[in-house]
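Here, each number is a calculation from the coordinates, and none is a lab measurement. Quick caveat, the model's predicted, so the values are computed rather than measured. Reconstructed Cβ throughout: ideal geometry from the backbone, glycine too, with neighbour counts over all protein chains shown.
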Amino acid sequence: MSYILEIESLSAGYGGPPVIENVNLKVDENDFIGVIGPNGGGKTTLIKVILGLLKPGSGRIIFHGGSTDRTEIGYLPQMQEGDAGYPVTVKDVVLSGLMIHKNAAGRMTRNDRKRATEVIEELGLSGLDGYSLSELSGGQRQRVFLGRAVIGSPRLLLLDEPVNFVDSEFEMGFYEKLAEFNKHMAILMVSHDVGTISSHVKSFACINRTLHYHPSGKITNDQLRSYGCPIQLVTHGEVPHTVLQKH
Amino acid sequence: MLQGLLEYSFIVKGLLGAVFTSITAGLAGTYIVSRRMVFLSGGITHASFGGIGIGHFAGINPVAGAAVFGILSALGVEYLSDSHKMREDSAIGILWALGMATGIIFIYLTPGYSPNLMSYLFGSILTVTNADLIALGIMALVLIIYFSLFYRTILYLSFDEAYARTFTRHASLFKYISTALIALTIVLNIRMAGVILVLSLLTIPPNIAMLFTRTYPRVVVWSVITGFGGTMAGFTVSYFAGIPTGATIIFTLVVIWALCRAAAVFLKRNRRLTKINISTI
């Protein structure tokens, strides 16, 4: 059986002691995995290695069909204040998600532009194609970046803290969109906030230098404590809720 | 007769200079303003003065000396900040002062009087040679080809470098090439506006364009147009008033920017008022 992504005995760091060590993870079609862990636990390092931005110290990463080709990854980086004043339109930003399929002198075709307009409409941003990012709200901007991540119809969508700094109304709509995309692509979402993502992901991976996978989407208090994750207990009852440790 | 010819060639030179300057400054300026590299560009400009001084002293073309100094300092700063070996602004500050100090020392050490010193500091269309114009023309052509061929890569790389690195392995290469071209553009324009003023030739036109448009190619086109208009207006005023060309061009551009800024604020307020009126009906 071929997985979308297979990580085997992966260790990586920045010259000093490894930030992540002996990480194993398999991502299957339609998986929706929440990667949680404390700050400095290696969440972003893991994403960087998957994206090929950081060379692993040891271990390997295999994509669908045994390839090492990363063209089937869509990536939504951590939201930055960024440079909203940059002279680029919503459509141009969404189109940049297709650059992975083009060379440095690549041009956008009529079909590419059509596809961009479709994605923009799909994300509820109809009519904003020609706007600059400075004219949009934070939530709208984040949807533009989600559009950039999905325009190439990737098999794997990597999200790094996607709902930081956005309002809760946007957050609900955002997760609804993710559920739709999840029908066609696997999602790996990094977050430090287990409470928020618990009712949306199908399974958890807990990372704090080493990684532990919880297929059920439930984590017990003891498990969390032993991995040094934020001490929170997630329950999926009739009303999903988070139980915090006494504090 | 001779007087007429001289004046004629002076005007042709001025016109050609204005065309090439506005094209190169429009393309390079849009890049540095969008990427927020204005301070780095200031550093490059002043560092290149070191090359001018050494060129004078060694009897080689000062512009060639400036080009070497400008490109090396630009690439050096990009490398230091990329590899996190030094804070970028500190590196720029040091290069800035080092270039000026080197320039002044070597010009002082050069035997005899240096009549061109002022023209390098403040620019003068009178000292622009045919070779300078040809170099600037070639530079314009190179920039047009480079920016149109790799438009998407350059656009996305300067908008979101971290993301661009996920789709291209040549991100650093493009950054270094772009920076080297910017350095060369600045150096070749020093003849027009001088070390002290050249930076505004690159930064004011894109800032005028960005008041009215939001796509990169349009900012470039409008920068070239406003740059040309400002340069020609400044050139004409300086000719008739008998005041320094470089300074007059920059002054004219700043006046255009201030007027456009006021117009943009007025237009925005008007649009908002119209919206309010409609919504209250």
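For peptide B:212-224, what's the mean number of Cβ atoms from other chains within 10 Å of each residue's Cβ?
Numbers: counts 0, 2, 13, 7, 5, 1, 1, 1, 1, 0, 0, 0, 0.
Per-residue shielding by partner chains comes out at 2.
In this simple spin-label approximation, B:Ala264 and B:Val12 carry label points 7 Å from Cα along the Cα→Cβ vector, and these lie 3.9 nm apart.
First select every other residue whose beta carbon is under 13 angstrom from the beta carbon of A:Val23; then total the charges, Lys and Arg +1, Asp and Glu -1. Don't jump to the answer; show the numbers that get you there.
Numbers: positive: A:Lys26, A:Lys43, A:Lys48, A:Arg60, A:Arg209; negative: A:Glu6, A:Glu8, A:Glu21.
Here the charged neighbours net out to +2.
Projecting the Cα positions of B:Gly242, B:Gly229, A:Gly16 onto the charge dipole of the protein assembly as shown (unit charges on Cβ atoms of Lys, Arg, Asp and Glu, taken about the Cα centre) puts B:Gly242 furthest along the positive direction.
Comparing B:Ala64, B:Ala74, B:Ala247 in a Gaussian network model of chain B, where Cα atoms under 10 Å apart are tied by springs, the biggest mean-square fluctuation is seen for B:Ala64.
Comparing B:Phe106, B:Ala193, B:Ala67 along the charge dipole axis of the stretch B:2-280, the residue lying farthest to the positive side is B:Ala193, per the Cβ-charge model.
So for each of B:23-35, A:120-132, B:203-215 I average, over its residues, the number of other beta carbons within 10 Å; can you give me the resulting order with the highest mean first?
Details: B:23-35: 26.4, A:120-132: 16.1, B:203-215: 21.7.
Per-residue Cβ counts within 10 Å, averaged per peptide and sorted highest first, yield B:23-35, B:203-215, A:120-132.
Take the alpha-carbon centre of the stretch B:162-211, take the same for the stretch A:1-78, and report the distance between them in whole Å. Result: 36 Å between the Cα centres. Taking a Cβ cut-off of under 13 Å around A:Lys177, the surrounding Lys, Arg, Asp and Glu residues balance to a net charge of -3, with basic ones at +1 and acidic ones at -1.
Hydrodynamic estimate: the Kirkwood radius of the protein assembly as shown over Cα pairs, inserted into Stokes-Einstein at 10 °C and 1.306 mPa s, corresponds to D of 61 µm²/s. Inter-part distance, the stretch A:157-190 to the stretch B:137-151, computed on C-alpha centroids, equals 40 Å.
Can you give the net charge of the other residues whose Cβ lies under 13 Å from the Cβ of B:Val219, counting K and R as +1 and D and E as -1? Its environment carries a net charge of +2.
Within the listed set B:Ile11, B:Ile52, B:Ile92, the residue fluctuating most in the Gaussian network model of chain B (springs between alpha-carbon atoms under 10 angstrom) is B:Ile11.
Determine, for each peptide in A:31-39, A:15-23, A:189-197, the mean count of other beta carbons within 10 angstrom over its residues, then list the peptides with the highest first.
Details: A:31-39: 21.8, A:15-23: 16.1, A:189-197: 19.9.
Going from most to least packed, we get A:31-39, A:189-197, A:15-23.
Label sites at B:Arg169 and A:Tyr131, each approximated as a point 7 angstrom past Cα along Cα to Cβ, lie 3.9 nm apart. By its C-alpha gyration tensor, with a ≥ b ≥ c as the square roots of the eigenvalues, how is chain B shaped: rounded for a/c under 1.5, else prolate for a/b larger than b/c, else oblate? Here chain B falls in the oblate category. If R₀ is 35 angstrom, what is the calculated FRET efficiency for the pair A:Lys55 and B:Ile60, using the beta carbon separation as r and rounding to 0.05? Given R0 = 35 Å and the Cβ-Cβ separation, E is 0.20. Based on C-alpha pairs under 8 angstrom that are at least 6 apart in sequence, the stretch A:1-155 has a relative contact order of 24 percent. Which residues among the stretch B:134-150 fall inside the zone where the amide N is under 17 Å from a point 7 Å beyond the Cα of B:Ile177, along Cα→Cβ? The answer is B:139-150, whose backbone nitrogens lie closer than 17 Å to the label point. With the simple model of a label 7 Å out from the Cα in the direction of the Cβ, A:Ser2 to A:Lys202 spans 1.9 nm. Scanning residues 5 or more positions from A:Val19 or on other chains, those with amide H under 5 Å from its amide H are A:Ala12, A:Gly13, A:Tyr14, with H placed 1.01 Å from N in the peptide plane.
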